[in-house]
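The values are calculated or read from the model by the stated rules, or taken from the named source; none is laboratory data. Just so we're clear, the structure is a prediction, and the values are computed from it rather than from any experiment. For neighbour counting, all protein chains shown are included, and Cβ atoms are generated from backbone atoms with ideal geometry for every residue, glycine included.
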Amino acid sequence: MNAAWAVFRRELLLAARRPAEWIQPLVFYAIVAVLFPLGVEAHDPALKVFAPAVIWVGALLAALLGVERMFRGDLDDGTLEQLLLAEAPTALLVAAKLAAHWLLTAVPLVVAAPLLGVALGLEPLAVKVLTLSLLLGTPTLMFTGGFAAALTVGAQRAGMLLPILVLPLMTPAVIFGGGAVRAANAGLPFDAPLYFLAALLALSVTLLPFAAAGALRNALE
């Protein structure tokens, strides 16, 4: 656990020195959500229908912005070899790194979600469900993106390959997250999509660090 905390703390310190890298996804997320209403008529009721999908797709695209750089810098400066040679389980160290990226990239998106939901005309209950769905779903997006980044860390032109790999894996979280908000906005039961998001979260946190660790070892062999 000391090694995992060291990796987590290192990621936070590096982010503090490069604030633009973790502010950029939040700015992109806000721009996507704010510009969408400009493409529809004023006070169009359809805006409330499309708002959950707009916010969730914006969160997905924002999460993709920093995925390619997640392990690339560690590969270039030799940190990745040290992670794989450490006595601590590699999966635990990878999980700590992904958790730090979630804290830096996804938590600001979750915090901004209520403001964007109100701006897009969502009902108060739907805004609460939106925030909860993002809190449950964004770790899945981040861990899935980390797994894809580990698969392509040694590949050339990984930026073109990553979206092809990661988008199908992230789609279930977007479907269930948007579905929960739409159900709450329509006054329908929204428990089931949230349970599915929680199940995806449990699977992602427990399985993907091991898969990412194996992909990193394979990339260095």
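List of remarks:
- Residues located in the range 1-34, provided they are surrounded by fewer than 15 Cβ atoms within 10 Å (Cβ to Cβ), within 15 Å of residue 115 (Cβ to Cβ) and at pLDDT 80 or above: 27, 31
- From the list 194, 207, the lone residue that is assigned to a helix (DSSP H, G or I), under 18 Å from the mean Cα position of the chain (by Cα) and surrounded by fewer than 19 Cβ atoms within 10 Å (Cβ to Cβ) is 207.
- Just so you know, in the range 72-109 the residues that are among the charged types (D, E, K, R) and either surrounded by 15 or more Cβ atoms within 10 Å (Cβ to Cβ) or in contact (Cβ under 8 Å) with a residue 40 or more places away in the chain (or both) include one that is nearest to residue 4 (Cα to Cα), and it is 97.
- Selection from the range 43-71 of residues that are under 17 Å from residue 11 (Cα atoms), surrounded by 17 or more Cβ atoms within 10 Å (Cβ to Cβ) and not aliphatic (A, V, I, L, M): 66, 68, 71
- Residue within the range 41-50 that is within 17 Å of residue 112 (Cα to Cα) and modelled with pLDDT under 80 present: no
- The range 38-120 holds helices (runs of 4 or more DSSP H) entirely within its bounds, and those carrying 1 or more residues that are within 15 Å of the chain's Cα centre (by Cα) and within 25 Å of residue 218 (Cα to Cα) map to 46-65, 90-101.
- Number of residues in the range 115-131 that are modelled with pLDDT of 90 or more and closer than 21 Å to residue 142 by Cβ equals 3.
- When we screen 137, 117, 146 for residues that are crowded, with 22+ Cβ neighbours inside 10 Å, touching a helix residue (DSSP H, G or I) at 6+ places or on another chain (Cβ under 6 Å), farther than 29 Å from residue 93 by Cα and not basic (Lys, Arg), the only hit is 117.
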